[in-house]
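Here is the structure we will look at, set down as structure tokens.
Laboratory data are not the source of any read-out in this text; all were calculated from the coordinates shown. Values in this document were obtained by computation on a predicted structure and should not be read as measured data. With ideal geometry, Cβ positions are generated from the backbone for all residues, glycine too; neighbour counts draw on all protein chains shown.
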Amino acid sequence: MIQLEQFSIRRGGRVLFQKASMQLHPGWKIGLTGVNGAGKSTLFSALLGGIEADSGSLSRPNVWTVAHMAQEIKALDMKALDFVLSGDEEYWTIQNQLDDPEQLNNDQLADLYSRFDEINGYSASAKASQLMAGLGFFEHQSQLDVSSFSGGWRMRLNLARTLMSRSDLLLLDEPTNHLDLDAILWLEDWLKSYEGTLVLISHDRDFLDAITDHVLHIENQELTLYTGNYSTFETTRAERLAQQQQAFEKQQETRAHLQKYIDRFKAQATKARQAQSRIKQLERMQELAPAHVDTPFTFSFREPTKMSSPLLALEHADIGYAAKLIVTNVNLQITPTSRIGLLGMNGAGKSTLIKSLVGDLPLIQGQRYASELLNIGYFAQHQMDALDGNASPMLQLSRIADKKISDATLRAFLGSFGFSGERMDTPSESFSGGERARLALALIVWQRPNVLILDEPTNHLDLDMRHALTMALQDFEGAVVLVSHERQLIASVCDELILVHNGHSKSFDGDLTDYANWLRQARNEMIKKGQQPAAPIVSEVIAQPATSKLDKEALRKEAAQRRELTRPIRKNIEKCESQIEKFQPRLAEIEALLGDSSLYEADRKDELLKLMNEQTELKQKLEQAEEQLLELMMQLEELEGSFGE
């Protein structure tokens, strides 16, 4: 077990926690919680043995194998499957020794083969493939170099590599940050069956609830151990906080917000089963909300200035990129009362649908209708990346605010998003992901949108800010379209669920529990059909001889030769894609400008002709670029196919 005796740590002259004494027993699944900066990562480092206590002690069995998810990947030239397999260090060491048997005598070989069998080395590839499949990788991707994956998918590989370890203690820090809902549900099932001791940092309440049986909370320089899952922890902590009058008053305010939403929801729900599920969720939130009475965040969306119905619609829309059709015949209408949650597997087209709704992505076919009063508040990853790093939150807000608004009003507004003191005047380039997300949200809220389109808005937000966002969305007077892996947010905000799957979008008749069941069944059916990566059969793995180092070197050289031969075509493909990405936003912008009825007045004739000429020219260039892209992709496919002949 893990033993803490009068354990104290100080960092940067500040006490994080002191005189903590407790025992964490084998097999426990512990959620580690606390506000940002409380010391969660420091405690992880102490559990890893990376730092020593200022006083007292922290001990764990020396024989334990500890697995910890790294934040970076160094082995970029490895095949993805090999990278995951290397997470089992003993297996990887033995496999490398067996790859070079000439250096070993018969007794050494016998011992290695015996140990290899004891650690289930013959089925290791099957296990690694299952991990990759669960986290959303397709079978052919296991043979790709790690360097070929984007940052988010590399983090999934890191997670798979960590889970590959036959560990006694597993430390996971925000493992769901780069996962979609289907991968999160798979990971939940995996962690539930994990037999070792788990210490988990997560801002996903449902994820914590499903897995943990204890919560270790850092607050006011103290480590407090609670028995039960995260819901139990919230209730217990809320009872203690509610003893304070100030906390009680804020708790009453929170309950009033929730009751207002429940009343509204009852009036709108049409499906009895779904309505009952939502009400249960809201009742649960009503009990838990007081745990956040000390949150530093509290904000509300400003009431939209103008409304119309419908605000936005897609009719018989085919959506996708260039010649690649992703979702067909989409019919979706957004009215001021719409509360839509988009569901679907990774890659099904949820984000593509959102980009088409926003107007960033032109439709392949069909119509997009936007009201003249439409004012979209769009939150996605690239909105965070588009923030002016050289400008402070105060400067970026003042750019979009009326000049008559006082600095005091702007500062009070930013304060509700957790910006205070000098942080309001600090250039945002140094901000953390959470701070950038809060700033992007603040800028959206200020502009009083009547339609909120949110693509994974909670990825970088902590529990307190997620709670504040949930409360604000419940009271928002406009429409909401939401993609999120956080089930609590979808259940609390959305009245209608739409499933994007197999190139179609349709209303989902059920709640999120039904969706989880549907998802597991759909994945199993896809595996049977060979559409998802299936783990290799163990007997086949055993029958395969170990690949020699010479063979591996030959494969690496062959892969390098293929990359070199296809490099010119790939470079031209990237050039075409870059041109397309440049043309599409400008065309969307021109389309929006042409929708302005005042543009067709006589005194603006020259401006109108100029825009129409530019539109015609850009459409021609876009068509040429798309045709060239298609031709290049066919050339690449033909060239790559010739390698196998």
What order, most packed first, do the peptides 131-140, 325-334 have when packing is the mean number of other Cβ atoms within 10 Å of each residue? 131-140, 325-334
Given a Förster radius of 30 Å and the C-beta distance between SER309 and LYS610 as r, what FRET efficiency does 1/(1 + (r/R0)^6) yield to the nearest 0.05? 0.30
Give me, ordered by chain and number, the residues 5 or more places off ASP54 or on other chains with an amide H under 5 Å from its own placed amide H. SER8, ILE9, ARG10
Please work out the Cα convex hull volume for segment 312-510 and give it in Å³ per residue. 128
With DSSP loop assignment and no more than 16 other C-beta atoms within 10 Å, the chymotrypsin sites (Phe, Trp or Tyr not before Pro) in segment 146-207 are TYR194
Cβ crowding within 10 Å averaged over residues, with 32-41, 361-370 ranked highest first: 32-41, 361-370
Segment 182-240 and segment 384-431 have their Cα centres apart by a whole-number Å value of 34
Just to confirm my numbers, what's the Cα centroid distance between segment 577-624 and segment 297-354 in Å? 23
List the residues whose amide H sits under 5 Å from the amide H of SER371, counting only those 5 or more places along or on another chain, with H placed 1.01 Å from N in the peptide plane. LEU312
9 Å beta-carbon shell around ARG205, net charge (K/R +1, D/E -1): -3
Going down the list LYS571/LYS619; LYS355/LYS582; LYS350/LYS571, which pairs span over 21 Å between their C-alpha atoms? LYS571/LYS619; LYS350/LYS571
